[in-house]
1. Yes or no: residue 292 outside the structural domain of residue 99 (by the TED database) and either out of contact with any Leu (no Cβ under 7 Å at 6 or more places or on another chain) or farther than 30 Å from residue 74 by Cα (or both)?
2. Could you look through the stretch 159-181, keep only residues that are over 20 Å from residue 80 (Cβ atoms) and open to solvent by 50 Å² or more (accessible area, probe 1.4 Å), and pick out the one that is farthest from the chain's Cα centre (by Cα)?
3. Quick check on residue 303: is it at pLDDT 95 or above and out of contact with any helix residue (DSSP H, G or I) (no Cβ under 7 Å at 6 or more places or on another chain)?
4. Could you count how many residues in the stretch 34-56 are open to solvent by less than 20 Å² (accessible area, probe 1.4 Å) and either without any contact (Cβ under 8 Å) to a residue 12 or more places away in the chain or over 19 Å from residue 231 (Cα atoms) (or both)?
5. Looking only at residues in the stretch 57-67 that are within 23 Å of residue 7 (Cβ to Cβ) and open to solvent by less than 50 Å² (accessible area, probe 1.4 Å), which one is farthest from the chain's Cα centre (by Cα)?
6. Considering the stretch 33-54 alone, what residues qualify as being closer than 22 Å to residue 216 by Cα, modelled with pLDDT under 95 and in a strand (DSSP E or B)?
7. Answer yes or no: is there a residue in the stretch 155-164 that is in contact (Cβ under 8 Å) with a residue 24 or more places away in the chain, in the same structural domain as residue 99 (by the TED database) and not in a helix (DSSP H, G or I).
8. Give all pairs with beta carbons closer than 7 Å in which a residue from the stretch 188-202 that is under 19 Å from residue 171 (Cβ atoms) and in a helix (DSSP H, G or I) meets a residue that is open to solvent by less than 80 Å² (accessible area, probe 1.4 Å) and at pLDDT below 75; count only pairs at least 6 apart in sequence or on separate chains.
Amino acid sequence: MSDKNSELTGTIIAAHGRHYLADAGGEKLQCVTRGKKTNVAVGDVVHLKRTSNDQAVIEKIADRTTLLYRSDQYKSKLLAANISRLFIVVATEPGFTDDLVSRALVACEAAGIEAHLILNKTDVEDLLPRARDRVAPYAALGYPVHEVSATGNPEQTVATLAPLLEGHSSIFIGQSGMGKSSMINLLVPDADIAVREISAALDTGKHTTTFTRLYWLPEVDGKTSAIIDSPGFQEFGLYHLTEGMLERAFVEFKPYLGGCKYYNCRHLAEPQCAVLDAVADGKIARMRHELYGQLLHESAQTLY
């Protein structure tokens, strides 16, 4: 093993527990961190030291452009690094939770990531008007909503989504049953083969959906693009966001920040609060303001 080949740079393409898989110029290497560190995310560019033919140690993580993570009271979980777009997949059926959508949007604003919604299963026509009504408030806030039917109209789905992915590293998130896997299988040729290879390399056995993984897309005009698929999850804790980060992460609050009587206003029950006045006037959705209050409460409970 030559010294020249022992130090490499790669991109983390899968993570499962403290085991990682890196792509170093097309070569897949099983990686571990030094000690008990778990501060590596899928999408991270890492400096590696090869320890055998197919194994390496992560020596250093390169500077990140963005980092998306969620957290509960006790710990945080890294979702993805160096992503520029996030797609929240919702559907006409089964029902989706506004709480998860809004939390993902807040996380994007706090991390500097552009958020989009994808409304899938538009072929379920009797449920489409209700689903459109439910995503309309997000569109009104400026978040693009893309309508597709991954199984009913796969060609239109690819035509709609592929241009949005070009030149970006994007993450797809959504609750189980929204059709995210069908979408990724359309957009990523041989995605199922890649998952099997990653599962074998990380020795995850049957738990193929419990790890986040990155797929490279075919280059277009010399642009590199990637999709990160995150396992279906039901909760998106944001305990790590501070009060200041939270008020700025609700885009509709922005025109009113600085307009309150008290400079340290928390926008909960204070007199002459510009944000509360906007809620009363219907300019800020009550549902969103209630989530803001819930997130403030959570941020005060952090134990790490």
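1. Values: outside the structural domain of residue 99 (by the TED database): yes; either out of contact with any Leu (no Cβ under 7 Å at 6 or more places or on another chain) or farther than 30 Å from residue 74 by Cα (or both): no.
In short, no.
2. Looking at the filtered set, the residue picked out is 159.
3. On the way: at pLDDT 95 or above: no; out of contact with any helix residue (DSSP H, G or I) (no Cβ under 7 Å at 6 or more places or on another chain): yes.
Against the criterion (at pLDDT 95 or above and out of contact with any helix residue (DSSP H, G or I) (no Cβ under 7 Å at 6 or more places or on another chain)), residue 303 does not qualify.
4. Keep residues of the stretch 34-56 that are open to solvent by less than 20 Å² (accessible area, probe 1.4 Å), which gives 40-44, 46, 48, 50, 56.
From what's left, either without any contact (Cβ under 8 Å) to a residue 12 or more places away in the chain or over 19 Å from residue 231 (Cα atoms) (or both): 46, 48, 50, 56.
Counting residues in the stretch 34-56 that are open to solvent by less than 20 Å² (accessible area, probe 1.4 Å) and either without any contact (Cβ under 8 Å) to a residue 12 or more places away in the chain or over 19 Å from residue 231 (Cα atoms) (or both) gives 4.
5. Among them, the one singled out is 57.
6. Of everything in the stretch 33-54, nothing turns out to be closer than 22 Å to residue 216 by Cα, modelled with pLDDT under 95 and in a strand (DSSP E or B).
7. Restricting attention to the stretch 155-164, the residues satisfying the condition of being in contact (Cβ under 8 Å) with a residue 24 or more places away in the chain are 157-158, 161-162, 164.
Next, from what is left, pick out any that are in the same structural domain as residue 99 (by the TED database): 157-158, 161-162, 164.
So of that shortlist, the ones also not in a helix (DSSP H, G or I) come out as none.
Scanning the stretch 155-164, I find no residue that is in contact (Cβ under 8 Å) with a residue 24 or more places away in the chain, in the same structural domain as residue 99 (by the TED database) and not in a helix (DSSP H, G or I), so the answer is no.
8. Cβ pairs passing all conditions: 195/208.
The values are calculated or read from the model by the stated rules, or taken from the named source; none is laboratory data. This one's a predicted model, so the numbers in the text were calculated from it and none came from an experiment. When we count neighbours, we look across all protein chains shown, and the Cβ atoms used for this are built from the backbone with ideal geometry, even at glycine. Just the protein is used for accessible areas: all its heavy atoms, side chains included, with ligands, DNA and RNA removed. Shrake-Rupley method; radii C 1.70, N 1.55, O 1.52, S 1.80 Å.
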